[in-house]
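Quick notes on the structure that follows.
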Amino acid sequence: MAKNEAELEEFRLKFISRKSVITDLFGEMKNIAAEDRKEFGVVLNDLKDSAQTKFKELIADLKSSSASPTESAVDLSLPPVPNELGTIHPLTITRRRFIEIFERMGFNISEGPEIEDDWHNFTALNFPENHPAREMQDTFFIEKNPDVALRTHTSSVQVRVMENKKPPIRTLSPGRVFRNEAISARAHCVFHQMEGLYVDKNVSFVDLKQTLYHFAKEMFHQDTKVRFRPSFFPFTEPSAELDISCQICHGDGCNICKYSGWVEIGGTGMVDPNVLENCGIDSNEYTGFAFGMGIERIAMLKYQIKDLRLFTENDIRFLRQFKSFS
Ligand code: PHE
(Lines give C-alpha, C1' and ligand atoms only; values in the text may rest on other atoms or scores of the structure.)
Protein backbone atom coordinates (compact mmCIF):
# COMPACT_ATOMS: atom_id res chain seq x y z
CA MET A 1 0.00 0.00 0.00
CA ALA A 2 1.21 3.52 -0.80
CA LYS A 3 1.79 5.44 2.46
CA ASN A 4 1.59 8.81 0.80
CA GLU A 5 1.31 10.77 -2.44
CA ALA A 6 5.06 10.41 -3.13
CA GLU A 7 4.93 6.61 -3.04
CA LEU A 8 1.88 6.63 -5.26
CA GLU A 9 3.71 8.80 -7.78
CA GLU A 10 6.70 6.45 -7.61
CA PHE A 11 4.41 3.55 -8.56
CA ARG A 12 2.86 5.56 -11.39
CA LEU A 13 6.24 6.46 -12.89
CA LYS A 14 7.49 2.85 -12.62
CA PHE A 15 4.47 0.98 -13.95
CA ILE A 16 1.97 3.32 -15.62
CA SER A 17 3.72 6.26 -17.27
CA ARG A 18 4.95 6.34 -20.84
CA LYS A 19 8.46 5.75 -19.53
CA SER A 20 7.49 2.79 -17.36
CA VAL A 21 9.16 -0.62 -17.34
CA ILE A 22 6.04 -1.99 -19.06
CA THR A 23 6.46 0.50 -21.93
CA ASP A 24 10.09 -0.64 -22.17
CA LEU A 25 8.94 -4.25 -22.42
CA PHE A 26 6.55 -3.33 -25.23
CA GLY A 27 9.64 -1.82 -26.93
CA GLU A 28 11.26 -5.28 -26.76
CA MET A 29 8.49 -6.63 -29.03
CA LYS A 30 10.64 -6.14 -32.17
CA ASN A 31 13.34 -8.44 -30.76
CA ILE A 32 10.92 -11.31 -30.17
CA ALA A 33 10.74 -14.17 -32.70
CA ALA A 34 7.66 -13.72 -34.89
CA GLU A 35 5.98 -16.97 -33.74
CA ASP A 36 6.31 -15.99 -30.07
CA ARG A 37 5.16 -12.38 -30.43
CA LYS A 38 1.46 -13.06 -30.01
CA GLU A 39 1.92 -14.86 -26.73
CA PHE A 40 4.39 -12.19 -25.52
CA GLY A 41 1.81 -9.52 -26.37
CA VAL A 42 -0.96 -11.28 -24.42
CA VAL A 43 1.23 -11.58 -21.30
CA LEU A 44 2.37 -7.97 -21.59
CA ASN A 45 -1.23 -6.69 -21.89
CA ASP A 46 -2.21 -8.71 -18.81
CA LEU A 47 0.68 -7.16 -16.95
CA LYS A 48 -0.34 -3.68 -18.09
CA ASP A 49 -3.98 -4.28 -16.99
CA SER A 50 -3.02 -5.54 -13.56
CA ALA A 51 -0.64 -2.58 -13.07
CA GLN A 52 -3.52 -0.23 -13.86
CA THR A 53 -5.95 -2.06 -11.54
CA LYS A 54 -3.37 -1.95 -8.75
CA PHE A 55 -2.84 1.78 -9.34
CA LYS A 56 -6.56 2.48 -8.95
CA GLU A 57 -6.65 0.48 -5.72
CA LEU A 58 -3.71 2.41 -4.36
CA ILE A 59 -5.48 5.72 -5.07
CA ALA A 60 -8.66 4.52 -3.34
CA ASP A 61 -6.74 3.21 -0.31
CA LEU A 62 -4.80 6.41 0.13
CA LYS A 63 -7.99 8.46 -0.02
CA SER A 64 -9.83 6.40 2.58
CA SER A 65 -6.85 6.27 4.95
CA SER A 66 -6.54 10.06 5.00
CA ALA A 67 -10.31 10.37 5.62
CA SER A 68 -10.07 8.42 8.89
CA PRO A 69 -6.62 9.10 10.29
CA THR A 70 -5.70 6.45 12.81
CA GLU A 71 -2.92 8.42 14.49
CA SER A 72 -5.05 11.47 15.51
CA ALA A 73 -8.10 9.43 16.50
CA VAL A 74 -9.93 10.57 19.65
CA ASP A 75 -8.44 9.06 22.77
CA LEU A 76 -11.48 7.98 24.78
CA SER A 77 -9.41 7.36 27.90
CA LEU A 78 -8.60 11.07 28.29
CA PRO A 79 -10.66 13.16 30.77
CA PRO A 80 -13.20 15.45 29.04
CA VAL A 81 -12.45 19.08 28.20
CA PRO A 82 -14.11 21.07 31.03
CA ASN A 83 -17.12 23.27 30.19
CA GLU A 84 -16.09 26.91 30.38
CA LEU A 85 -18.09 29.02 32.84
CA GLY A 86 -19.62 32.24 31.61
CA THR A 87 -18.76 35.65 33.02
CA ILE A 88 -20.85 37.87 35.25
CA HIS A 89 -22.38 40.84 33.45
CA PRO A 90 -20.64 44.16 34.25
CA LEU A 91 -23.95 45.67 35.42
CA THR A 92 -24.38 42.78 37.86
CA ILE A 93 -20.82 43.17 39.12
CA THR A 94 -21.44 46.90 39.66
CA ARG A 95 -24.80 46.35 41.36
CA ARG A 96 -23.31 43.75 43.71
CA ARG A 97 -20.42 46.04 44.63
CA PHE A 98 -22.90 48.88 45.26
CA ILE A 99 -24.91 46.68 47.61
CA GLU A 100 -21.78 45.43 49.37
CA ILE A 101 -20.69 49.00 50.16
CA PHE A 102 -24.10 50.05 51.49
CA GLU A 103 -24.82 46.84 53.38
CA ARG A 104 -21.80 47.60 55.55
CA MET A 105 -23.47 50.89 56.45
CA GLY A 106 -26.62 49.08 57.55
CA PHE A 107 -28.74 49.41 54.39
CA ASN A 108 -31.08 46.61 53.35
CA ILE A 109 -32.50 45.89 49.88
CA SER A 110 -36.04 46.60 48.72
CA GLU A 111 -37.67 46.25 45.35
CA GLY A 112 -40.83 47.53 43.69
CA PRO A 113 -42.80 46.89 40.50
CA GLU A 114 -41.62 48.09 37.08
CA ILE A 115 -45.21 48.94 36.13
CA GLU A 116 -46.27 51.75 38.47
CA ASP A 117 -49.32 53.84 39.20
CA ASP A 118 -49.29 57.63 39.16
CA TRP A 119 -49.25 57.86 42.96
CA HIS A 120 -45.99 56.00 43.50
CA ASN A 121 -44.11 57.34 40.49
CA PHE A 122 -45.27 60.98 40.68
CA THR A 123 -47.95 62.25 43.05
CA ALA A 124 -46.62 60.92 46.37
CA LEU A 125 -43.21 62.26 45.31
CA ASN A 126 -44.63 65.77 45.30
CA PHE A 127 -44.96 66.19 41.53
CA PRO A 128 -47.92 68.61 41.26
CA GLU A 129 -50.61 67.91 38.66
CA ASN A 130 -49.37 69.30 35.31
CA HIS A 131 -45.91 69.90 36.69
CA PRO A 132 -43.43 70.10 33.80
CA ALA A 133 -41.27 67.51 35.57
CA ARG A 134 -43.82 64.87 34.55
CA GLU A 135 -43.12 65.59 30.91
CA MET A 136 -39.44 66.10 31.62
CA GLN A 137 -39.24 62.38 32.27
CA ASP A 138 -40.69 61.26 28.92
CA THR A 139 -42.88 58.59 30.39
CA PHE A 140 -44.11 55.39 28.67
CA PHE A 141 -47.77 55.33 29.69
CA ILE A 142 -49.67 52.03 29.66
CA GLU A 143 -53.06 53.41 30.71
CA LYS A 144 -54.51 56.89 31.17
CA ASN A 145 -57.03 57.99 33.85
CA PRO A 146 -56.06 56.56 36.17
CA ASP A 147 -52.49 56.60 34.91
CA VAL A 148 -50.37 53.48 34.81
CA ALA A 149 -46.83 53.72 33.43
CA LEU A 150 -43.44 52.05 33.28
CA ARG A 151 -41.62 53.60 36.22
CA THR A 152 -39.35 56.46 35.19
CA HIS A 153 -37.14 56.18 38.27
CA THR A 154 -36.61 53.94 41.31
CA SER A 155 -37.81 56.77 43.61
CA SER A 156 -41.20 55.03 43.39
CA VAL A 157 -39.76 52.32 45.64
CA GLN A 158 -38.98 54.93 48.33
CA VAL A 159 -42.71 55.63 48.59
CA ARG A 160 -43.61 51.93 48.85
CA VAL A 161 -41.02 51.38 51.60
CA MET A 162 -42.10 54.44 53.64
CA GLU A 163 -45.78 53.48 53.32
CA ASN A 164 -45.06 50.06 54.78
CA LYS A 165 -42.34 50.61 57.33
CA LYS A 166 -41.73 53.06 60.13
CA PRO A 167 -38.30 54.73 60.56
CA PRO A 168 -35.48 54.08 61.05
CA ILE A 169 -35.26 53.19 57.35
CA ARG A 170 -32.01 52.55 55.51
CA THR A 171 -32.73 50.92 52.20
CA LEU A 172 -31.24 50.44 48.75
CA SER A 173 -33.48 49.76 45.73
CA PRO A 174 -31.89 48.52 42.52
CA GLY A 175 -33.99 48.20 39.39
CA ARG A 176 -34.84 48.86 35.76
CA VAL A 177 -36.35 52.18 34.75
CA PHE A 178 -37.85 53.34 31.47
CA ARG A 179 -37.82 56.65 29.64
CA ASN A 180 -38.80 57.57 26.13
CA GLU A 181 -35.33 58.54 24.95
CA ALA A 182 -33.46 57.99 21.69
CA ILE A 183 -30.84 55.24 22.01
CA SER A 184 -27.24 56.44 21.70
CA ALA A 185 -23.79 55.80 23.18
CA ARG A 186 -24.83 57.79 26.28
CA ALA A 187 -28.58 57.14 26.63
CA HIS A 188 -31.07 54.28 26.42
CA CYS A 189 -34.82 53.96 26.91
CA VAL A 190 -34.23 51.15 29.43
CA PHE A 191 -31.54 51.47 32.07
CA HIS A 192 -30.83 50.71 35.72
CA GLN A 193 -30.86 52.88 38.80
CA MET A 194 -29.85 52.42 42.39
CA GLU A 195 -32.03 54.30 44.83
CA GLY A 196 -30.97 54.99 48.39
CA LEU A 197 -33.16 56.17 51.25
CA TYR A 198 -32.24 56.96 54.84
CA VAL A 199 -34.95 58.21 57.22
CA ASP A 200 -34.46 58.60 60.97
CA LYS A 201 -34.40 61.23 63.69
CA ASN A 202 -31.81 63.97 63.09
CA VAL A 203 -30.63 62.87 59.63
CA SER A 204 -28.91 65.88 58.08
CA PHE A 205 -27.13 66.98 54.92
CA VAL A 206 -23.86 66.11 56.67
CA ASP A 207 -24.94 62.46 56.75
CA LEU A 208 -25.87 62.64 53.08
CA LYS A 209 -22.51 64.07 52.07
CA GLN A 210 -20.43 61.75 54.19
CA THR A 211 -22.32 58.67 53.00
CA LEU A 212 -21.86 59.57 49.34
CA TYR A 213 -18.19 60.53 49.83
CA HIS A 214 -17.60 57.14 51.36
CA PHE A 215 -19.48 55.42 48.53
CA ALA A 216 -17.50 57.18 45.79
CA LYS A 217 -14.17 56.30 47.35
CA GLU A 218 -15.16 52.66 47.87
CA MET A 219 -16.66 52.23 44.41
CA PHE A 220 -13.86 54.00 42.54
CA HIS A 221 -10.72 55.07 44.30
CA GLN A 222 -9.59 56.68 47.54
CA ASP A 223 -8.48 59.71 45.50
CA THR A 224 -11.85 60.12 43.74
CA LYS A 225 -13.27 63.59 44.31
CA VAL A 226 -16.97 64.30 44.86
CA ARG A 227 -18.84 67.48 44.00
CA PHE A 228 -22.43 68.54 44.78
CA ARG A 229 -24.16 70.95 42.39
CA PRO A 230 -27.40 72.65 43.47
CA SER A 231 -30.34 71.23 41.53
CA PHE A 232 -34.07 70.61 41.72
CA PHE A 233 -36.24 67.54 42.24
CA PRO A 234 -39.87 67.81 43.43
CA PHE A 235 -39.26 65.18 46.12
CA THR A 236 -36.11 66.58 47.76
CA GLU A 237 -35.27 69.93 49.32
CA PRO A 238 -32.53 71.00 49.07
CA SER A 239 -31.54 68.97 46.00
CA ALA A 240 -28.18 68.38 44.37
CA GLU A 241 -26.64 66.70 41.39
CA LEU A 242 -23.78 64.40 42.33
CA ASP A 243 -20.54 64.57 40.30
CA ILE A 244 -17.30 62.63 40.70
CA SER A 245 -13.88 63.44 39.24
CA CYS A 246 -13.58 61.82 35.80
CA GLN A 247 -12.30 58.27 36.14
CA ILE A 248 -11.03 58.20 32.56
CA CYS A 249 -8.75 61.25 32.45
CA HIS A 250 -8.55 61.92 36.22
CA GLY A 251 -9.27 65.59 35.74
CA ASP A 252 -6.98 66.21 32.77
CA GLY A 253 -9.90 66.52 30.35
CA CYS A 254 -11.30 63.98 27.88
CA ASN A 255 -14.40 63.65 25.72
CA ILE A 256 -16.20 61.52 28.34
CA CYS A 257 -16.24 64.40 30.86
CA LYS A 258 -16.39 66.92 27.99
CA TYR A 259 -13.07 68.39 29.18
CA SER A 260 -14.58 69.48 32.51
CA GLY A 261 -12.89 66.82 34.66
CA TRP A 262 -16.28 65.97 36.28
CA VAL A 263 -18.97 63.38 35.49
CA GLU A 264 -22.50 63.31 36.87
CA ILE A 265 -23.47 60.00 38.49
CA GLY A 266 -26.86 60.83 40.03
CA GLY A 267 -29.24 63.05 41.93
CA THR A 268 -29.68 63.47 45.66
CA GLY A 269 -31.21 65.62 48.38
CA MET A 270 -33.03 65.79 51.71
CA VAL A 271 -36.44 64.08 51.47
CA ASP A 272 -39.09 66.82 51.10
CA PRO A 273 -41.34 66.92 54.23
CA ASN A 274 -44.39 66.67 51.93
CA VAL A 275 -43.14 63.27 50.72
CA LEU A 276 -42.71 62.02 54.29
CA GLU A 277 -46.25 63.18 55.13
CA ASN A 278 -47.67 61.59 51.92
CA CYS A 279 -46.25 58.29 53.13
CA GLY A 280 -47.54 58.63 56.69
CA ILE A 281 -44.28 59.66 58.37
CA ASP A 282 -44.31 62.61 60.78
CA SER A 283 -42.01 65.22 59.25
CA ASN A 284 -41.63 67.00 62.62
CA GLU A 285 -40.07 63.90 64.09
CA TYR A 286 -38.12 62.49 61.16
CA THR A 287 -35.87 63.71 58.38
CA GLY A 288 -34.12 61.81 55.65
CA PHE A 289 -31.96 61.87 52.57
CA ALA A 290 -32.32 60.04 49.26
CA PHE A 291 -30.27 59.51 46.14
CA GLY A 292 -30.69 57.89 42.76
CA MET A 293 -27.76 56.84 40.60
CA GLY A 294 -27.42 55.30 37.14
CA ILE A 295 -25.80 51.86 37.35
CA GLU A 296 -24.76 51.95 33.67
CA ARG A 297 -23.01 55.28 34.16
CA ILE A 298 -21.08 53.97 37.14
CA ALA A 299 -20.10 50.75 35.33
CA MET A 300 -18.96 52.81 32.32
CA LEU A 301 -16.68 54.93 34.49
CA LYS A 302 -15.41 52.00 36.48
CA TYR A 303 -14.57 49.84 33.46
CA GLN A 304 -13.90 52.59 30.89
CA ILE A 305 -16.79 51.56 28.65
CA LYS A 306 -17.42 54.24 26.05
CA ASP A 307 -20.75 53.03 24.62
CA LEU A 308 -23.77 52.16 26.76
CA ARG A 309 -25.27 49.98 24.01
CA LEU A 310 -22.57 47.36 24.65
CA PHE A 311 -24.39 46.36 27.84
CA THR A 312 -27.35 44.97 25.91
CA GLU A 313 -25.75 43.70 22.70
CA ASN A 314 -24.58 40.40 24.23
CA ASP A 315 -21.34 40.46 22.28
CA ILE A 316 -19.33 37.62 23.78
CA ARG A 317 -16.03 39.49 23.13
CA PHE A 318 -17.26 42.34 25.34
CA LEU A 319 -18.66 40.11 28.09
CA ARG A 320 -15.55 37.89 28.29
CA GLN A 321 -13.44 40.86 29.32
CA PHE A 322 -15.10 40.79 32.75
CA LYS A 323 -13.84 37.34 33.61
CA SER A 324 -11.28 38.53 36.15
CA PHE A 325 -13.78 40.86 37.84
CA SER A 326 -16.40 38.18 38.48
N1 PHE B 1 -35.16 60.08 40.80
C2 PHE B 1 -34.16 61.01 40.36
C3 PHE B 1 -33.88 60.76 38.87
O4 PHE B 1 -34.24 59.74 38.38
C5 PHE B 1 -32.88 60.86 41.12
C6 PHE B 1 -33.03 61.21 42.58
C7 PHE B 1 -33.33 60.23 43.51
C8 PHE B 1 -32.85 62.50 43.01
C9 PHE B 1 -33.45 60.55 44.85
C10 PHE B 1 -32.95 62.84 44.32
C11 PHE B 1 -33.26 61.87 45.25
O12 PHE B 1 -33.33 61.58 38.18
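The values are calculated or read from the model by the stated rules, or taken from the named source; none is laboratory data. Predicted model only: the values in this text are computed from it and were never measured. Every residue, glycine among them, receives a Cβ derived from its backbone with ideal geometry; neighbour counts consider all protein chains shown. Note: areas computed on protein heavy atoms with side chains; ligands, DNA, RNA excluded. Shrake-Rupley method; radii C 1.70, N 1.55, O 1.52, S 1.80 Å.
Structure notes:
- Chymotrypsin sites (Phe, Trp or Tyr not before Pro) within the range 127-180, DSSP loop, no more than 16 other Cβ atoms inside 10 Å: Phe140
- Rounded if a/c under 1.5, otherwise prolate or oblate - the range 203-253, Cα gyration tensor axes: oblate
- The modelled label-to-label distance between Asn180 and Asp75, using points 7 Å beyond Cα along the C-beta direction, is 6.5 nm.
- Cross-link partners of Lys209 among aspartates and glutamates (Cα-Cα below 13 Å; sequence separation of 8 or more within a chain): Glu241, Asp243
- As a length-normalised measure over Cα pairs under 8 Å and 6 or more apart, the relative contact order of the range 183-271 settles at 22 percent.
- For a 4.7 Å threshold on C-beta separation, the list of partnerless cysteines in the chain reads Cys189, Cys279.
- Placing a pseudo-label 7 Å from each Cα along the Cα-to-Cβ vector at Asp252 and Ile88 gives an inter-label distance of 3.2 nm.
- When the helices of the chain are scored as -39500 (n - 2.57) per DSSP H run of n ≥ 4 and the total is divided over every residue, the value at 222 nm lands at -11000 deg cm²/dmol.
- Hits among lysines - C-alpha to C-alpha of Lys48 under 26 Å, sequence gap 8 or more where chains match: Lys3, Lys14, Lys19, Lys30, Lys38, Lys56, Lys63
- Between Asp200 and Arg227, the distance separating the two model label sites (each 7 Å from Cα on the Cα→Cβ line) works out to 3.1 nm.
- Stokes-Einstein diffusion for the range 44-124 at 25 °C, viscosity 0.890 mPa s, with a Kirkwood radius from C-alpha pairs, works out to 114 µm²/s.
- Length-normalised contact order of the chain in % [C-alpha pairs under 8 Å, at least 6 apart]: 16
- In the context of the full set of protein chains, the range 5-73 has a per residue accessible area of 79 Å² (1.4 Å probe).
- Its Kirkwood hydrodynamic radius, worked out from the mean inverse distance over all distinct Cα pairs, puts the range 104-212 at 15.1 Å.
- One decimal place: the segment Glu35-Lys63 gains 5.6 nm when fully extended, by the rule 0.36 nm per residue minus the C-alpha distance.
- Average accessible surface area per residue within the range 90-325, 1.4 Å rolling probe, Å²: 49
- The calculated pair-distance distribution of the range 5-73 uses every alpha carbon pair, bins of 5 angstrom beginning at 0, and gives 3, 15, 21, 17, 14, 10, 8, 6, 3, 2, 1, 0 percent.
- Stretching the chain fully between Ser324 and Glu264 yields a gain of 18.9 nm (0.36 nm per residue, less the alpha carbon separation).
- Across all directions, the shadow cast by the convex hull of the chain built on its C-alpha atoms averages 31.6 square nanometres.
- Trypsin sites (Lys or Arg not before Pro) restricted to DSSP loop in the range 12-114 with at most 13 other C-beta within 10 Å: Arg18, Lys19, Arg104
- The distance from the alpha carbon centre of the range 82-148 to that of the range 286-326 is 15 Å, rounded to a whole number.
- The fraction of accessible area contributed by carbon and sulfur in the chain is 52 percent, rounded to a whole number (1.4 Å probe; ligands and nucleic acids excluded).
- Subset of Lys258/Lys302; Lys225/Lys323; Lys165/Lys225; Lys144/Lys165 violating a 23 Å alpha-carbon distance limit: Lys225/Lys323; Lys165/Lys225; Lys144/Lys165
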